[in-house]
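To keep things clear, I will list the structure first and then write my remarks on it.
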Amino acid sequence: MLSSFRLGPRPGLNSRLASFGHVSHCTKRQSRSQSTSTDKRYHFGVEAAEGKIDIDSFRRIAWDPKIPLLLRASHKFPANEKWFRFSEKGSYPSFSPYFLSFADEILPYEFTIPRSPLHNRPNSEHEILSAFLEWLLRPHEDREPPLIAAMESIVKSIINETRSPNNPSNFQQFEAPVALMIAACQFNENRESDKRLKNLYVAQSDLSHLPGPLFGDLPAPDIVKHAGKGDIYSSSIWLGLQPTYTPLHRDPNPNLFCQLVGSKKIRLMTPDRGDRIYAHVRKELGLNGNSRFRGTEMMEGRERQLLHDAVWNDATISEVLVNPTDALFIPMGWWHSVASNGAEGNLNASVNWWFR
Ligand SMILES: O=C(O)CCC(=O)C(=O)O
């Protein structure tokens with residue numbers, strides 16, 4: 001059964017959008033897969049517009065009626081060019097020398113090890129972590145000894161935690177310097193995908209905690225400043241080695257989610273439909289209560305799996321692919337789950353603002 005979210009074009013919408021650029025709308029799953037095979041920029045069941053949008057149009061189309069809107073090629077920040085560099089083939093994003101100068105800043109990290117029999121195979125996560133540790137400890141002119149020592153102790157403790165028979169969790173949270181993400185990204189370059197570090201995620205890291213110059217590279221978009229009262233509730237940076245994943249949840253405020261590097265798939269549900277799916281999963285777990293944003297319990301174990309299957313195995317749920325410079329408006333109360341889309345171990349970066 002389809003959700004109450006309408007998949008067909010709304011009467012009059014195209015004429016309303018015509019004032020600021022090209023608009024497209026997929027009405028059938030089939031049209032989505034056709035566009036996927038040609039330009040990989042699909043959106044199933046969500047309105048999309050190309051280029052910059054003026055505030056009045058945005059209010060009329062998305063903000064006032066509380067409807068998601070994909071704004072393609074609409075948000076390029078100084079960070080897009082200053083923070084990253086690309087391999088000659090253009091396929092492997094990594095960090096620029098400018099970003100490297102912030103290597104000792106501390107950020108909140110998550111690390112997830114998939115629970116699977118793969119653990120017993122060569123190149124399992126433990127072996128990759130050990131290879132990373134060995135690589136870290138090799139002399140390297142760019143790495144400062146105190147940072148190496150900090151990273152060594154963090155990686156050793158991740159390895160110990162994941163090996164501990166007393167620890168049923170495959171999900172860890174810790175603080176570490178930016179140097180860890182930089183080093184992991186360098187380690188992955190030129191490595192086969194099954195030998196790369198993955199699932200390392202600086203998730204929901206408060207933008208205001210970034211050092212001034214980095215914060216300045218991500219100025220709040222006009223939509224965030226002017227569509228509502230201009231009240232920024234919170235803003236976050238998301239920096240990870242693919243795959244990255246955020247389970248089903250809803251945010252307490254409207255969200256403008258912008259992609260910087262790599263791509264992400266976002267599955268979106270109306271408040272009603274998300275409530276039903278979430279309640280169903282909680283019931284299966286014998287629990288009740290509301291979703292906490294990225295609560296530990298939803299990041300691991302059975303809850304993670306049930307939430308994942310309920311959202312990602314249902315072909316009728318709307319899905320959007322966000323690419324660099326795309327932005328997705330997620331109205332308050334709309335449930336969503338987010339997964340990176342691309343080669344394992346590649347860098348993925350996004351930024352978002354919750355505002356009202
Ligand atoms: O990018 C992600 O992994 C999650 C983003 C998200 O859930 C949000 O902005 O609310």
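The values are calculated or read from the model by the stated rules, or taken from the named source; none is laboratory data. Quick caveat, the model's predicted, so the values are computed rather than measured. Note that we place each Cβ from the backbone using ideal geometry, even for glycine, and neighbour counts take in every protein chain shown.
For segment 60-93, the set of residues classified as assigned to a helix (DSSP H, G or I) and touching a residue at least 12 places away in the same chain (Cβ under 8 Å) consists of Arg60, Ile61, Ala62, Trp63, Pro78, Ala79, Asn80, Lys82, listed by residue number. Restricting the first member to segment 233-245 and to residues that are closer than 26 Å to Arg356 by Cβ, and the second to residues that are of a type in the set (Gly, Ala, Ser) and near the ligand (Cβ under 10 Å from one of its atoms), the beta-carbon pairs closer than 6 Å and six or more apart or on different chains are Trp238/Ala203; Trp238/Ser350; Leu239/Ala349.
Before we move on, is Arg196 buried (at least 21 other Cβ atoms within 10 Å of the Cβ), closer than 20 Å to Ile158 by Cβ and more than 15 Å from the ligand (Cβ to nearest atom)? Answer is yes for this residue. Among the residues of segment 163-192, the ones that are of a type outside the set (A, V, I, L, M) and within 27 Å of Pro139 (Cβ to Cβ) come to 11 in all.
Taken together, Asn188, Asn160 contain a single residue that is modelled with pLDDT of 95 or more and over 24 Å from Gln305 (Cβ atoms), which is Asn188. On the stretch given as segment 335-354, residues that are surrounded by fewer than 23 Cβ atoms within 10 Å (Cβ to Cβ), in a strand (DSSP E or B) and more than 12 Å from the chain's Cα centre (by Cα) total 1.
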